[in-house]
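Structure provided below as structure tokens; questions to follow.
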Ligand code: GLN
């Protein structure tokens, strides 16, 4: 039976709860334990699939096809454990389950209430897979005191109460603000936050305090005293240059030891932190730098491309170079020539996206990279745009486009080289699109296999003939253009096993030009950089040597 660690936050949001959870997961693994990280989000959306990337950041897709919160990406990058559908839940999902049961009559006419019906639903979620791992780390989104978070706090309180003593602990993250005028770190907001937590029946075992300045011993004692936490369990979290320093930094501050102490696990198994020492070594000993442009639509919020940014960093680590990422708004190129903006980059990445805005700019970007011999990685929409560019400018399909931008039947502007897929094969069964509208759960989602062409660049990069990658899209490149495009040098080097769906394209006579229909960034880790990103950066290094 797993032990549970509940991670909550207070004082302000965005303190790095997800990162603290992920780092703790990595440290427990380093001590030989198995872990599972999960996220409980108080918002009312059923899942983040339909939330704007501008507002909520990237949607992280799991192998089993769930559209989840980007924190699951952190968890996976730090622990290497593939995230699953049942690793995240929102209030919206919980309420929708409860209401569905109510409609079905499962509650036998009872009055449905937050306690016990909603809290029971949350506890059922927490119990899933309880015997699969040594530790389940459950992060509660938001901060203590938020109205919509209350059912979750109440549910974890009950959950811990119902288990044998010592099976659940609570870890709380707060901020120690620094008042420059008096040169002091202030503990009062932390005290209030813990008071709030205790008023709903939760007493934290471990306090993690974010601080820009070293926490004096005296303050640590004071926090311990006022918050009823042992002094050794008041852990400092200082700002770091890279998130990948977090496991070692938290270990130095004694986080994993405090957690094991709280469970009464003694003697604690010794940690093996070799993996994280290696990661830090690569980060801090980078030789040189490459400049990569990400040409996309959601460039105002970097979190919208979180995993891509991280995967590029991992690619840099594989080559021992720093990757300087710059964000370029593709919409500008809808009107202007991209050359003056893109010259000087060592590689160009066009990420995924939805909707027509900015796509002509992406097509011009692909053309620029093709003509100038600059390494290009097109991801999902970035692959589709590269194919449209090839169709228009190389293969002579002057009006090539995507059905995504051409909804009105009878008024087609484009020849649909990229079309709306209605039925496909997953594993050994046929999936049919049953939902008529375009929103929520109508995409090809999750892990699918691709067969790679022998002798192709991707086969060499992956060192494999079959791969599995995660998808999240509605549209596909139409196989009927394969012959015409291959005749001009754009090889379809990765296909779905049934040969119907193009998964990867690459230009034969180009130093490095690859488009992939899937999202390789989701599977990259600092200690295991994704081969496509590692090789993309290697190509960028080569370009940087030429200029
Ligand atoms: N909008 C495109 C599609 O649905 C691409 C999606 C993406 O880039 N993730 O096929």
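The values are calculated or read from the model by the stated rules, or taken from the named source; none is laboratory data. Predicted model, so just to flag it, every value in this text is computed and none were measured. Note that we place each Cβ from the backbone using ideal geometry, even for glycine, and neighbour counts take in every protein chain shown.
Could you please let me know if residue 528 is under 21 Å from the mean Cα position of the chain (by Cα), surrounded by fewer than 19 Cβ atoms within 10 Å (Cβ to Cβ) and farther than 14 Å from residue 387 by Cβ?
Considered against the rule, which asks whether it is under 21 Å from the mean Cα position of the chain (by Cα), surrounded by fewer than 19 Cβ atoms within 10 Å (Cβ to Cβ) and farther than 14 Å from residue 387 by Cβ, residue 528 comes out as yes.
Is one or more of the residues making up the range 462-469 in a strand (DSSP E or B), at pLDDT 95 or above and within 16 Å of the ligand (Cβ to nearest atom)?
Among the residues of the range 462-469, at least one is in a strand (DSSP E or B), at pLDDT 95 or above and within 16 Å of the ligand (Cβ to nearest atom), which makes the answer yes.
Follow-up. Restricting to the range 529-543, name every residue that is in contact with a helix residue (DSSP H, G or I) (Cβ under 8 Å, 6 or more places away or on another chain) and more than 16 Å from the ligand (Cβ to nearest atom).
529, 530, 531, 533, 534, 535, 536, 537, 538, 541
Follow-up question, since we're still on this one. In the range 163-282, which strands (runs of 3 or more DSSP E) lie fully inside it and hold 1 or more residues that are under 26 Å from the mean Cα position of the chain (by Cα), surrounded by 20 or more Cβ atoms within 10 Å (Cβ to Cβ) and without any contact (Cβ under 8 Å) to a residue 40 or more places away in the chain?
Per the criteria, 206-211, 234-238.
I'm told residue 359 meets every condition in (1) over 26 Å from the mean Cα position of the chain (by Cα); (2) at pLDDT 90 or above except one. Can you identify the failing condition by its number?
Here residue 359 meets the rest and fails (1).
In addition: Of all the residues that make up the range 381-398, how many are in contact with a helix residue (DSSP H, G or I) (Cβ under 6 Å, 6 or more places away or on another chain) and within 14 Å of the ligand (Cβ to nearest atom)?
So the answer is 3.
So, in the range 501-527, exactly how many residues are in contact (Cβ under 8 Å) with a residue 24 or more places away in the chain and more than 16 Å from the ligand (Cβ to nearest atom)? Walk me through how you get there before you give the answer.
Step one: filter the range 501-527 for residues in contact (Cβ under 8 Å) with a residue 24 or more places away in the chain, giving 501-507, 510-527.
Subsequent filtering for residues that are more than 16 Å from the ligand (Cβ to nearest atom) retains 506-507, 510-513, 524-527.
Going through the range 501-527 one residue at a time, the tally reaches 10.
Scan the range 322-373 for residues that are over 20 Å from residue 391 (Cα atoms), away from the ligand (no atom under 16 Å from the Cβ) and assigned to a loop (DSSP other than H, G, I, E, B) and report the count.
5
Then there is this: Checking the condition within 16 Å of the ligand (Cβ to nearest atom), touching a strand residue (DSSP E or B) at 6+ places or on another chain (Cβ under 7 Å) and in contact (Cβ under 8 Å) with a residue 40 or more places away in the chain, which residue from 401, 378 passes?
Numbers: 401 fails: in contact (Cβ under 8 Å) with a residue 40 or more places away in the chain.
Exactly one residue qualifies, and that residue is 378.
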